[in-house]
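**Student:** To start, I am sharing the structure in question, which I have written as structure tokens.
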Amino acid sequence: MKNKIYSRRSFVKQNSLAGLAITTGVPLVHLRSQSQQPALLGGQPMIKHDWPSWPIWNQETDEKRLLEVIRSGVWSRAKVVEEFEEKWAKAIGSKRCLAVINGTNALNTTLAQLEIGWGDEVLVTPYTFIASVSSIMFNGAIPVFVDVDPETFQMDPKKIEAKITPHTRAILAVHILGLPCDMRSIMEIAARHNLEVIEDACQSWLAEIDHQKVGTFGHAGCFSFQNSKNIPMGEGGAIVSDDDAFMDRCFSFHNYGNPYGSMAGAVSAGTVMVGTKLRLTEYQAAIGLAQMARLEDQTEIRNKNANLLSSKLKQIPGILPYRLYGNVTRASYHLFPFRYQKQQFNDLSRDRFIAALSAEGIPCYQGYSPLNKMPYLKNAFTSKFFKKFYPANRLNYQKYAEENECPLNDHLCNEEAVWLPQNVLLGSEMDMHQIANAIEKIHLNAEKLR
Ligand SMILES: *Cc1c(COP(=O)(O)O)cnc(C)c1O
């Protein structure tokens, strides 16, 4: 499959045909939006070019690395994986890094090696990908949901302490959508209550709080390199930490329980713990190294475009872009989220808004459904397995469901959230103006679009 290269030239051509003052570099504002017919009703879409396709790779450099691995005949974990780990630890500013098969198992392994499991409760946001929560239950612990701050889309630290019980062992701090959560507050609360902090940074590569990378605040940070992620390698994940003993255990666990330092793949090497096998291949690491080389520049572009787009969207009534916490010095923007308030759009439903924006050539989604309301929870609570390990009074699902209500998250998921995917933020500055213009056009035509 050939990688589709985003052609700026064709973009410029299309837009100069539309009569835009593109050469002047003057931002396009309120471009006759009123008089334009929404694309959903047969008008011209605001964006006519393709967005950068994903993943992006360079045929020369990236494919060379991969070929080298194939031709070496060394395909199982060896030097290339080690190189990736060294470089990722350095990029994040962590002492150690262990590559694993995916972000889900980075989380599973981290919780297991911190001995968080049966009997324990772990605090987590309901606004995340399922793997954050399943890693808790996979280890036998019970997730306790802390409602979100809808302005930031993150776990609201002000609501954490009310959820702490004698069973609470840890806070799983998720930097969801690539926006850092309020780590300073979370670390303070954790210290006060003697809780472990694990960071799910599976959407937050190179994001920073006060110039420190996320993933390095808690005991350990977990990353994903799945194909849709900002540093894609098909499948892949990593754990970072400064705790050597913990990282040695993680290594051993991911390699059948063999002692760390033994040759990869060695059989009967004096197994020290019950482990499993989660080793990354050399192919994946080769792709990861090639991707890592462009992550820094792409992250810069996403930050620049997100700041611009956010400043434009704030001016449109009923469009509320995410708020970053004050000490965030950089975000990853795996997604660009905003809240859509239909009251300001003549009661145009969010579904209809999303259809209208998509028709304008701008990919967008409504995003997550509430994770605290899905059948997996009740199924676990009523399973033979959970009944073996928990007394009946801790498996009262009705009571659990009530205690884990997160009304603000429900509203965010069911009514307001809209996401733009990360590749949109790799577009041009002009694209950001056009996205704002498209939303403005929908706003002005909301009545017609209903
Ligand atoms: C992608 C993701 C994971 C899981 O990573 P995989 O590599 O897909 O297993 C975990 N948490 C969050 C927040 C994610 O976005």
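**Student:** Give me, ordered by chain and number, the residues 5 or more places off Thr168 or on other chains with an amide H under 5 Å from its own placed amide H.
**Tutor:** Sorted by chain and number, the residues that satisfy this are Glu121.
**Student:** Please state the shape class of the range 138-253: rounded when a/c is under 1.5, otherwise prolate if a/b exceeds b/c and oblate if not, all from the C-alpha gyration tensor. Kindly include the intermediate steps, with their values, before the conclusion.
**Tutor:** Details: a/c = 1.63, a/b = 1.22, b/c = 1.34.
It is oblate, given that a/c is not under 1.5 and a/b is not larger than b/c.
**Student:** Can you list the residues, at least 5 places off or on another chain, whose amide H is less than 5 Å from the amide H of Val146, using H built in the peptide plane?
**Tutor:** Sorted by chain and number, the residues that satisfy this are Val124, Thr125.
**Student:** Please find the FRET efficiency linking Asp243 to Arg294, where r is the Cβ-Cβ separation and R0 is fixed at 45 Å, and quote it to the nearest 0.05. Present the calculation step by step, with values, prior to reporting the outcome.
**Tutor:** Values: r = 30 Å, r/R0 = 0.68.
That gives a FRET efficiency of 0.90.
**Student:** A follow-up question, please. Quick one: which of 363-371, 343-351 comes out on top by average Cβ neighbours within 10 Å, and what's the full order, highest first? Could you put the intermediate results ahead of the total?
**Tutor:** Details: 363-371: 18.1, 343-351: 15.4.
Those peptides, ordered most packed to least, come out 363-371, 343-351.
**Student:** Scan around Gly234 for amide H atoms under 5 Å from its own, H built in the peptide plane at 1.01 Å from N, and keep only partners 5 or more places away or cross-chain.
**Tutor:** Distant-sequence amide H within range of Gly234: Asn227.
**Student:** Something else now. Using alpha carbon centroids, what distance separates the range 358-406 and the range 267-316, in Å?
**Tutor:** Answer, in whole Å: 28.
**Student:** Among Leu449, Leu179, what is the fewest-to-most ranking by other Cβ atoms within 10 Å?
**Tutor:** Leu449, Leu179
**Student:** Would you please classify the overall shape of the chain from the alpha carbon gyration tensor, given that a ≥ b ≥ c denote the square roots of the eigenvalues, rounded means a/c under 1.5, and beyond that prolate means a/b larger than b/c while oblate covers the rest?
**Tutor:** On the way: a/c = 2.27, a/b = 1.34, b/c = 1.70.
Oblate is the answer for the chain, as a/c is 1.5 or above yet b/c matches or exceeds a/b.
**Student:** Can you work out ³J(HN,Hα) from phi for every residue in the range 169-182, in order, using Karplus 6.51 cos²θ - 1.76 cosθ + 1.60 and θ = phi - 60°, giving whole Hz and x for Gly and Pro?
**Tutor:** 10, 7, 10, 8, 8, 9, 8, 7, 6, x, 9, x, 7, 7
**Student:** How big is the gap, in Å, between the Cα center of the range 185-234 and the Cα center of the range 107-164?
**Tutor:** 13
**Student:** For Thr382 and Glu429, calculate 0.36 nm times their separation in residues minus their Cα-Cα distance, and state this gained length in nm to one decimal.
**Tutor:** Values: separation 47, 0.36 × 47 = 16.92 nm, distance 5.24 nm.
Using 0.36 nm per residue and subtracting the Cα-Cα distance, I get 11.7 nm.
**Student:** Could you run the Karplus curve 6.51 cos²θ - 1.76 cosθ + 1.60 with θ = phi - 60° over the range 38-45 and give me ³J(HN,Hα) per residue in whole Hz, x for Gly and Pro?
**Tutor:** Result, rounded to whole Hz: x, 4, 5, 9, x, x, 6, x.
**Student:** Using the Karplus curve 6.51 cos²θ - 1.76 cosθ + 1.60 with θ = phi - 60°, work out ³J(HN,Hα) for each residue of the range 362-377 in order, rounded to whole Hz, and write x for Gly and Pro.
**Tutor:** Here the 3J(HN,Hα) series is 10, x, 7, 9, 8, x, 5, 9, x, 7, 7, 10, 9, x, 4, 5 Hz.
**Student:** Need the full-extension length gain, Phe389 to Asn327, defined as separation in residues times 0.36 nm minus the C-alpha distance. One decimal, nm. Write down the numbers at each step before the final one.
**Tutor:** On the way: separation 62, 0.36 × 62 = 22.32 nm, distance 4.17 nm.
Taking Phe389 through Asn327 to full extension adds about 18.2 nm, to one decimal.
**Student:** With 10 angstrom as the radius, rank Leu177, Leu40, Leu114 by how many other C-beta atoms surround their C-beta, starting from the fewest.
**Tutor:** Fewest-to-most Cβ neighbours within 10 Å comes out as Leu40, Leu114, Leu177.
**Student:** Could you list Lys79, Lys87 so that the one with the fewest beta carbons within 10 Å of its beta carbon is first and the one with the most is last?
**Tutor:** Lys79, Lys87
**Student:** For the chain, what is the calculated [θ] at 222 nm in deg cm²/dmol (nearest 500), taking -39500 (n - 2.57) for each run of four or more DSSP H residues and dividing by its residue count? Working shown, then result.
**Tutor:** Working: 15 runs with 167 residues, N = 450.
Computed mean residue ellipticity for the chain: -11500 deg cm²/dmol.
FYI, it's all coordinate maths here, none of it is from the lab. Predicted model, so just to flag it, every value in this text is computed and none were measured. Quick reminder, even Gly has a Cβ in these numbers, built from the backbone with ideal geometry, and neighbours come from all protein chains shown.
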